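Participant: Below is a structure I'd like to ask you about.
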There are 2 protein chains.
Amino acid sequence: MRAAYVLYNGLTVLDFIGFYDALYRLRTMRFLPEFSFQLCAQTSQVQDEHGLTILTTPTETLRGFDLLVVPGGFATRTLRHDAAFIRWLRTAADCPLKASVCSGSLLLGAAGFLTGCAATTHPSAYEQLRPYCQEVRTDRIVDEGPVVTARGVSSSLDLGLHLVRRLAGEEAQTAIRRQMDYPYQ
Amino acid sequence: MRAAYVLYNGLTVLDFIGFYDALYRLRTMRFLPEFSFQLCAQTSQVQDEHGLTILTTPTETLRGFDLLVVPGGFATRTLRHDAAFIRWLRTAADCPLKASVCSGSLLLGAAGFLTGCAATTHPSAYEQLRPYCQEVRTDRIVDEGPVVTARGVSSSLDLGLHLVRRLAGEEAQTAIRRQMDYPYQ
C-alpha cells in the first residue's frame with residue numbers, strides 16, 4: 001500500500017497534515033505495517049502562503065500508487081488552469097483510490113477524475129467545483145468508491161479517519177481516533 | 001504580536017499545524033493584521049518520526065516573544081531531560097502567554113513553567129505530567145491565564161481557536177472556525 005500525497009506551492013498545510021496524521025498511524029500502530037507514503041511534488045520543496053516550507057520528493061510520474069490524496073489551498077484557483085500541472089496529475093489516472101480535501105477537489109476535477117461523480121469542497125468553492133462533477137454535495141465526506149472528497153480545511157482529519165476505515169476497518173479507525181485524541185465523529 | 005512556535009526533531013506535526021492554521025488567519029482575515037510568527041528551533045530544519053522535514057529559523061533566544069506555543073511528540077519523553085534544550089526553552093520565561101499541545105506540556109513542565117498550575121496533556125502522558133504541575137486535568141483545554149495546555153494531538157485545532165478568542169475575541173473565533181470549516185466546539 002503506497003500513497004502519493006500531492007503537494008504544491010500555495011497549499012494549505014492543515015489540508016495535508018490532517019489526513020497525514022491519521023494515515024501514518026496505519027503503519028506505526030501496525031494495522032497496515034506495509035503502508036508507506038511519498039510527498040510528491042514537481043519541485044524539491046513546497047511553501048504555503050506564509051512561508052512554511054516542507055521538503056518534498058520531485059516525482060516525475062504519479063503512476064503506480066495505490067492511493068492519491070490532494071490537499072487544497074488558494075493556489076488551486078490558478079493551478080487548475082496550469083496545463084503542465086494537470087498533465088502531471090493525470091499520470092495518476094489508474095490509481096484505484098483518489099481523495100481530496102477542500103479545494104483539492106478542483107484539481108481532481110480539472111484532471112477529469114470527478115466526471116460522473118458527486119463531490120464536495122470548501123463551502124466557498126461550491127460554484128467553482130460544479131463544472132467538474134455531476135453533483136456538488138455539502139456533506140463533510142463524499143465517498144463515491146474510487147473517489148472520496150472532503151469539505152473545508154479541518155475535514156482533512158475526518159478524511160484521514162474515513163480512509164483508515166476503508167483501508168483497515170472500524171477497529172483501526174476507533175484506535176487511531178483515540179490515539180489522535182479526536183472526540184468528534 | 002509576535003509568536004514563537006517551538007519546533008524540534010521528533011515533533012508530531014499535527015500538534016503544530018492545528019494551532020498554526022487557526023492563528024495565521026488572525027493576520028490574513030485582518031483581526032490582528034500585525035500578527036507574526038517564527039518557526040523557532042535549535043536547528044535549521046526539523047523532522048518528524050516519518051521523515052517529514054520542515055525548514056525552521058535557528059533561534060538563539062526565545063526572549064521577546066508575546067506568545068510561545070510548544071507542540072508535542074514522542075521525542076518529548078527524552079527532550080525533557082535534555083539540559084541544553086530546557087535551558088533554551090527557559091529563555092522564554094518572560095513570555096506572557098505560553099501554550100502547549102499534547103506532550104508539549106512535559107517540556108513546559110520541565111522548564112518550570114507549570115509550577116502551581118493545573119495542566120493537561122495526551123491521556124497517555126498524564127502520569128508523566130504530574131510531577132511538573134499542581135493538578136493534572138482531563139479537560140480538552142486548561143486555561144490558567146499565562147499558561148494554556150491542550151490535550152492530545154487533534155486538540156491543537158481547539159487550542160488555536162481558544163487562543164484566537166483570547167487574542168481577538170469571539171467574533172474572530174466564529175469567523176475563523178467557519179473558514180477552517182470546523183463544526184466542533
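Participant: Using θ = phi - 60° and the Karplus form 6.51 cos²θ - 1.76 cosθ + 1.60, what ³J(HN,Hα) does each residue of the range A:102-113 get, whole Hz, x for Gly and Pro?
Facilitator: 6, 6, x, 5, 5, 6, 4, x, 5, 7, x, 7
Participant: On to the next question. What is the distance in Å between the Cα centroid of the range A:91-149 and that of the range A:1-51?
Facilitator: 18
Participant: Another question about this same structure. Fewest first, what order do B:Thr121, B:Thr76 take by the number of other Cβ atoms within 10 Å?
Facilitator: The fewest-first ordering by Cβ neighbours comes to B:Thr76, B:Thr121.
Participant: While we're looking at this one, here's another question. Rounded to whole Hz and in sequence order, give me ³J(HN,Hα) for the range B:73-89 from the Karplus expression 6.51 cos²θ - 1.76 cosθ + 1.60, θ = phi - 60°, writing x for Gly and Pro.
Facilitator: Result, rounded to whole Hz: x, 4, 4, 4, 4, 9, 4, 5, 9, 8, 4, 5, 5, 5, 4, 4, 4.
Participant: Given the rule -39500 (n - 2.57) for each run of at least 4 DSSP H residues, summed and divided by the residues of chain B, what is its mean residue ellipticity at 222 nm, to the nearest 500 deg cm²/dmol?
Facilitator: -9500 deg cm²/dmol, from helical runs alone.
Participant: Using 7 Å Cα-to-Cβ label points, what is the A:Arg2/B:Arg2 separation (nm, one decimal)?
Facilitator: 4.6
Participant: Take A:Thr115 and A:Arg27, extend 7 Å from each Cα along the Cα→Cβ direction, and tell me the distance between the two endpoints in nm.
Facilitator: It is 3.4 nm.
Participant: Could you work out which residue, out of A:Thr78, A:Thr91, A:Thr53, moves most in a Gaussian network model of chain A, that is, has the largest mean-square fluctuation with Cα springs under 10 Å?
Facilitator: Maximum among the listed residues: A:Thr78.
Participant: Once Rh is set to the Kirkwood radius over Cα pairs, what Stokes-Einstein translational diffusion coefficient, in µm²/s, holds for the protein assembly as shown at a temperature of 25 °C and a viscosity of 0.890 mPa s?
Facilitator: D = 119 µm²/s.
Participant: What are the ³J(HN,Hα) couplings of the range A:9-15, residue after residue, when phi is run through the Karplus curve with 6.51, -1.76, 1.60 and θ = phi - 60°? Round to Hz, x for glycine and proline.
Facilitator: Values per residue, Gly and Pro as x: 5, x, 5, 8, 5, 5, 3 Hz.
Participant: Would you please state the base-10 log of I(q)/I(0) at q = 0.14 1/Å for the range B:2-179, with intensities from the Debye formula using one equal scatterer on every alpha carbon?
Facilitator: With one equal scatterer per Cα and no solvent, log10 I(q)/I(0) is -0.67.
Participant: Between A:Gln45 and residues 5 or more places away or on another chain, which pairs have amide H atoms under 5 Å apart, with H built 1.01 Å from N, and which residues are they?
Facilitator: It is A:Thr56, by chain and number.
Participant: Shifting gears a bit: Just want the answer: with Cβ charges of +1 for Lys and Arg and -1 for Asp and Glu, which residue in B:Leu26, B:Val13, B:Val70 is farthest toward the dipole's positive end in the range B:1-135?
Facilitator: Towards the positive end, the residue furthest out is B:Leu26.
Participant: If you don't mind, there's one more thing I want to ask. Could you work out, for the range A:78-185, what percent of all Cα-Cα pairs fall into each 10 Å distance bin, beginning at 0 Å and stopping at the bin that holds the largest distance?
Facilitator: It works out to 16, 44, 30, 10, 0, in whole percents.
Participant: Can you sort A:Ser105, B:Ser103 by how many other beta carbons sit within 10 Å, fewest first?
Facilitator: B:Ser103, A:Ser105
Participant: Now for a separate question. Under a Cβ-Cβ cut-off of 10 Å, what is the net charge of the residues other than B:Leu106 that fall near it, where Lys and Arg count +1 and Asp and Glu count -1?
Facilitator: Charge balance in the 10 Å sphere: +2.
Bear in mind that the values in this text are calculations on the coordinates, not laboratory data. The shown structure was predicted, so the numbers you read here are calculated from the model rather than taken from an experiment. FYI the Cβ positions are ideal-geometry reconstructions off the backbone, even for glycines, and counts take in every protein chain you see.
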